[in-house]
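One structure below.
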Amino acid sequence: PFPELLFPTSLLVRAAAAYDAYRLATRRNANDAYPAYASPLALGLITSGCLAFWYTLTTVPFQSYHIGAASMAPTLIEGDHVIVQKAALAELQRGDLVLFRHPEKPDEIYVKRIVGVPGDEVAFRGQDISI
């Protein structure tokens, strides 16, 4: 129901788990057979695992978005959720849907369909577009 809270919640749970693992690893009795470096090693492994997970999530070529307007109806309607593949501009083709930030309103994300590619002549006649 609240996808924007999923990622921060996940990070908080992982941080709490890392702290708990560290706390448990440092609680040792004199009779324990763990070497002196076991606690820092465990903490380092947990921390590096969390960092690797975070790096994977932030660099992965997909991202989820919520459609906030009906300008693309009936293809996309207000309230839809889409998963977007981040692509280079050279990979785009006619008919692809693109998401972009408006230069004057960077907090708004627009969804539009590509109607023309470099070299095309696009003409508007009323509500009609011809290529």
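The values are calculated or read from the model by the stated rules, or taken from the named source; none is laboratory data. In this text the structure is predicted, and so the values were computed from the model without any measurement. Positions of Cβ are generated from backbone atoms using ideal geometry, with glycine treated the same way; all protein chains shown enter the neighbour counts. Side chains are part of the model used for accessible areas, which takes the heavy atoms of the whole protein and leaves out ligands, DNA and RNA. Shrake-Rupley method; radii C 1.70, N 1.55, O 1.52, S 1.80 Å.
Could you sort His81, His102 by accessible area so the largest value comes first, with the probe set to 1.4 Å? Could you put the intermediate results ahead of the total?
Values: His81 110, His102 50 Å².
The ranking, largest first, comes out as His81, His102.
What FRET efficiency do you get for Phe62 and Asp120 if R0 is 30 Å and r is their Cβ-Cβ distance, rounded to the nearest 0.05?
Numbers: r = 29 Å, r/R0 = 0.95.
In this case the efficiency is close to 0.60.
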